[in-house]
Amino acid sequence: MKTITVLLTAAALTLGAAPAIAAPAKQLPALDSAKFDSAKFDSAKFDTSKLEAAIAGLPNDQASGALLQVRGSAGCWEGTSGVADIHTGQKVPIDGRFRIGSMTKSFTATAALQLVAKGRLDLHRTVQSYASDILPAEYAPITIDQLLSYTSGLPSADIDHKDPAWFLPHRFDTWTPRQLFDLSFHTADGAVKPLLFPPGTQQNYGNIDYLVLGAVIEKVTGRPYGDAVRDGVIRPLHLTATTVPGTDTEIHGPHAHGYELQNGSYVDITEANPTYQWAAAEIVSNAPDLDRFLTALMSGRLLPATETALLFQIPDVHLYDPAYDPTDPDAEVPPHAYLGHGLAKLAAGNVEFWGKTGDRPGYNNGMGATRDLSLRVVFSVNTLHMGGSQQPLVTRKIIAAVAGLA
């Protein structure tokens, strides 16, 4: 039986929406509107030219802008490239806020693990024991631990939310968790979908585990899951640029616009109703806040030692692959799981980072740090094409450049 391995860089894994403002392609500003600040970075130790090169040359046909922040033992390097607004040519603000997408899951996981530390949630108790009305009665018992580690086997909604044909008409829709669960667990004719695999036997990344986790948090606390995130993370760390927006469609404060390039015109998709991805992908933040959050989380400031260790605990299972046949001796064994309980192990070259990536229409982002926090990165790229099977070239350049510093 063959075994294959996976090299994880940053994975773009979720999406959202906003208003349509078309601009002719000829209005896209000129290239090389880059700005760098290496004054606080030990340039004698690190060659920052690769960081500059990684985000230079924007806008292009893949991205309208980008921001990159690198911090660690050598100090801080910050850079932006491209434009925040294709009409005015305004530069991307280094402290600009953006839709962080699935990086939200790290916040939701932290809130859940704080409840575990307080004895209000038990990792080994089932979802069904906390809330009998979330999952279909036909489903096998699923534990809180399995939600946190993406090993529940829960199916997801049969909607391609990364397809502009679906996204653009629905980007202002308001969704309730119940609607999301109905779409995920039932077919169009109301039949219950089967679990993808027996709970705890494989890992399958998606939004559904953290949507259910958000609902469990609400059942346990009697309050919106966002309150647990605000009380346990945002306020204690003074994350002044971080919000759990709910139905608020705007990004408040400095930010770069997100666009979707369609038929030679740029559709402004900055504004969006984030309820479709709710506890899995709705938060808005910026690079300084995300660095502060990740540093506090990994260093044990937000969780006791036992729960902090869970962040890095990867289940001993393989990734879900519906085409894999374990009875076939020549079948390639799927890659091993790479997601812990709120953080992912992201390999870039020979460097191992822990963090999370996130994707929303117009925003492709990531945060990561070495275990000793000596090298940390946060980036956001304003993509012009949602979906696709590969990261934008500028994102891949950022990952390679940062890995080269280690």
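At-a-glance table
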{"item": "Search result, residues across the stretch 211-234 that are more than 21 Å from the chain's Cα centre (by Cα) and not in a helix (DSSP H, G or I)", "result": "222, 223"}
{"item": "Flag for residue 270 being in a loop (DSSP other than H, G, I, E, B), open to solvent by less than 20 Å² (accessible area, probe 1.4 Å), out of contact with any strand residue (DSSP E or B) (no Cβ under 7 Å at 6 or more places or on another chain) and among the polar types (S, T, N, Q)", "result": "yes"}
{"item": "Helices (runs of 4 or more DSSP H) contained in the stretch 69-174 and holding at least 2 residues without any contact (Cβ under 8 Å) to a residue 60 or more places away in the chain", "result": "127-130, 164-170"}
{"item": "Enumeration of residues in the stretch 187-217 that are open to solvent by less than 40 Å² (accessible area, probe 1.4 Å), in contact with a Phe, Trp or Tyr (Cβ under 8 Å, 6 or more places away or on another chain) and of a type outside the set (A, V, I, L, M, F, W, C)", "result": "193, 203, 206, 209, 214"}
{"item": "Test for residue 279: is it hydrophobic (A, V, I, L, M, F, W, C), part of a helix (DSSP H, G or I) and either on the phi > 0 side of the Ramachandran plot or open to solvent by 30 Å² or more (accessible area, probe 1.4 Å) (or both)", "result": "no"}
{"item": "Residue ID - most open to solvent (accessible area, probe 1.4 Å), chosen from residues in the stretch 322-350 that are more than 17 Å from the chain's Cα centre (by Cα) and hydroxyl-bearing (Ser, Thr, Tyr)", "result": "327"}
{"item": "The stretch 83-128 - residue that is of a type in the set (A, V, I, L, M, F, W, C) and open to solvent by 30 Å² or more (accessible area, probe 1.4 Å) and, of those, modelled with the highest pLDDT", "result": "117"}
{"item": "Any hit, the stretch 131-140, residues being among the polar types (S, T, N, Q) and crowded, with 21+ Cβ neighbours inside 10 Å", "result": "no"}
{"item": "Subset of the stretch 288-311 [in a helix (DSSP H, G or I) and open to solvent by 60 Å² or more (accessible area, probe 1.4 Å)]", "result": "292, 305, 306"}
{"item": "Which numbered condition residue 205 misses (of (1) touching a residue at least 60 places away in the same chain (Cβ under 8 Å); (2) over 19 Å from the mean Cα position of the chain (by Cα))", "result": "(2)"}
{"item": "Qualifying positions in the stretch 170-225 - β-branched (Val, Ile, Thr) and closer than 18 Å to residue 277 by Cα", "result": "174, 176, 208, 212, 216, 217"}
{"item": "Matching residues, the stretch 371-387, being farther than 30 Å from residue 262 by Cα and in contact with a strand residue (DSSP E or B) (Cβ under 6 Å, 6 or more places away or on another chain)", "result": "374, 375, 376, 377"}
{"item": "Residue 314, sole failed condition from (1) in contact (Cβ under 8 Å) with a residue 12 or more places away in the chain; (2) touching a strand residue (DSSP E or B) at 6+ places or on another chain (Cβ under 8 Å); (3) open to solvent by 10 Å² or more (accessible area, probe 1.4 Å); (4) over 30 Å from residue 71 (Cα atoms)", "result": "(4)"}
{"item": "Residue list for the stretch 244-257, filter: under 11 Å from residue 285 (Cβ atoms) and either at pLDDT below 95 or surrounded by 21 or more Cβ atoms within 10 Å (Cβ to Cβ) (or both)", "result": "244, 251, 255"}
{"item": "Options 187, 242; residue that is over 22 Å from residue 143 (Cβ atoms), in contact with a Ser or Thr (Cβ under 9 Å, 6 or more places away or on another chain) and not aromatic (Phe, Trp, Tyr)", "result": "242"}
{"item": "Residue that is farthest from residue 359 (Cα to Cα) [pool: residues in the stretch 229-243 that are touching an Asp or Glu at 6+ places or on another chain (Cβ under 6 Å) and either aliphatic (A, V, I, L, M) or at pLDDT below 95 (or both)]", "result": "239"}
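The values are calculated or read from the model by the stated rules, or taken from the named source; none is laboratory data. Note that the coordinates shown come from a computational prediction; the quantities given were computed from them, not determined experimentally. Glycine also receives a Cβ, built like all others from the backbone with ideal geometry; neighbour counts cover every protein chain displayed. For the accessible areas, the whole protein counts, side chains as well, though only heavy atoms, and no ligand, DNA or RNA atoms are used. Shrake-Rupley method; radii C 1.70, N 1.55, O 1.52, S 1.80 Å.
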